[in-house]
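Worksheet: the structure to be examined is printed underneath.
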Amino acid sequence: MTCVFCAIAAGQLPAHKLYEDEDFIVLLDIFPMRPAHVLIVSRVHAPYLKELPAAARERLLALADKVAAALRVAGHGREGINLLINDGPDSNQHVPHLHLHLIPRRRGDLPVLLWRLLVRFVPLGRKRLQARLEAEAEQLRAILSKEN
């Protein structure tokens, strides 16, 4: 089976892309933990952070900072954003391809976050979620394009 993130990078699968450069693709998670849950995905197939080329590793946090700023401008994560890399299968990495999660948080959202953890892959309400993802993608793309 082909890696889903490699297929997205090759243009073989659709995604809500927000930004691209030579090392990374920034997109919305299709099974978001919270609204505007963003992934920064390496263009290189590297299951572990240590396998990512050094130049890309050095740019990763700067790009995360740029995306976090865009999230905050859009009204997401003003009180906090979780930055998360699941580095390997034992760390709950569902796709063995390096990706950094940016999960916008707000005060008191832990019960909802825990509920989403349990049901995030259940296919209920997908049409409503798809509409929300499209709106979030449009808003974040506009903000990120102004920063370039």
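Considering every residue within region 55-75, establish whether at least one is open to solvent by less than 40 Å² (accessible area, probe 1.4 Å) and part of a strand (DSSP E or B). Even if it seems obvious, please write down each step before you answer.
Taking region 55-75 first, the residues open to solvent by less than 40 Å² (accessible area, probe 1.4 Å) are 56, 60, 63-64, 67-68, 70-71, 74-75.
Subset that is part of a strand (DSSP E or B): none.
No, the conditions are met nowhere in region 55-75.
Could you check region 30-54 and list, in sequence order, the residues that are over 30 Å from Pro111 (Cβ atoms) and either open to solvent by 40 Å² or more (accessible area, probe 1.4 Å) or not in a loop (DSSP other than H, G, I, E, B) (or both)?
Quick first cut of region 30-54, residues over 30 Å from Pro111 (Cβ atoms) only: 42-54.
Within region 30-54, Ser42, Arg43, Val44, His45, Tyr48, Leu49, Lys50, Glu51, Pro53, Ala54 qualify.
Which of the following residues is touching a residue at least 24 places away in the same chain (Cβ under 8 Å), more than 12 Å from the chain's Cα centre (by Cα) and surrounded by 14 or more Cβ atoms within 10 Å (Cβ to Cβ): Val95, Val26? Write out each step before concluding.
On the way: Val26 fails: more than 12 Å from the chain's Cα centre (by Cα).
Going through Val95, Val26 in turn, just one is touching a residue at least 24 places away in the same chain (Cβ under 8 Å), more than 12 Å from the chain's Cα centre (by Cα) and surrounded by 14 or more Cβ atoms within 10 Å (Cβ to Cβ): Val95.
Of Leu49, Leu39, Leu71, which residue is modelled with pLDDT of 95 or more and over 17 Å from Pro96 (Cβ atoms)?
Details: Leu49 fails: over 17 Å from Pro96 (Cβ atoms); Leu39 fails: over 17 Å from Pro96 (Cβ atoms).
That would be Leu71, the only listed residue that is modelled with pLDDT of 95 or more and over 17 Å from Pro96 (Cβ atoms).
Could you check, for region 103-125, whether at least one of its residues is open to solvent by less than 20 Å² (accessible area, probe 1.4 Å), in contact with a strand residue (DSSP E or B) (Cβ under 9 Å, 6 or more places away or on another chain) and either farther than 28 Å from Asp21 by Cβ or in a loop (DSSP other than H, G, I, E, B) (or both)?
Within region 103-125, the subset open to solvent by less than 20 Å² (accessible area, probe 1.4 Å) is 103-104, 109.
When the remaining residues are screened for being in contact with a strand residue (DSSP E or B) (Cβ under 9 Å, 6 or more places away or on another chain), the result is 103-104.
Next, only the ones that are either farther than 28 Å from Asp21 by Cβ or in a loop (DSSP other than H, G, I, E, B) (or both) stay: none.
No, every residue in region 103-125 fails to be open to solvent by less than 20 Å² (accessible area, probe 1.4 Å), in contact with a strand residue (DSSP E or B) (Cβ under 9 Å, 6 or more places away or on another chain) and either farther than 28 Å from Asp21 by Cβ or in a loop (DSSP other than H, G, I, E, B) (or both).
Residue by residue through region 63-73, note down the ones that are hydrophobic (A, V, I, L, M, F, W, C) and under 14 Å from Tyr19 (Cα atoms).
Leu63, Ala64, Val67, Ala68, Ala69, Ala70, Leu71
Say whether the condition of being of a type in the set (Ser, Thr, Tyr), open to solvent by 10 Å² or more (accessible area, probe 1.4 Å), part of a loop (DSSP other than H, G, I, E, B) and at pLDDT below 95 is met by at least one residue in region 1-12. Full working, then the answer.
First, the residues of region 1-12 that are of a type in the set (Ser, Thr, Tyr): 2.
Keeping just the survivors that are open to solvent by 10 Å² or more (accessible area, probe 1.4 Å) gives 2.
Subset that is part of a loop (DSSP other than H, G, I, E, B): 2.
Remaining after also requiring at pLDDT below 95: 2.
Yes; the residues of region 1-12 include at least one that is of a type in the set (Ser, Thr, Tyr), open to solvent by 10 Å² or more (accessible area, probe 1.4 Å), part of a loop (DSSP other than H, G, I, E, B) and at pLDDT below 95.
The values are calculated or read from the model by the stated rules, or taken from the named source; none is laboratory data. Small disclaimer: the values here were computed from a predicted structure and weren't measured. Here the Cβ is made from the backbone with ideal geometry for all residues, glycine too, and neighbour counts use every protein chain on show. We work out accessible area using only protein heavy atoms, side chains counted, and drop any ligands, DNA or RNA first. Shrake-Rupley method; radii C 1.70, N 1.55, O 1.52, S 1.80 Å.
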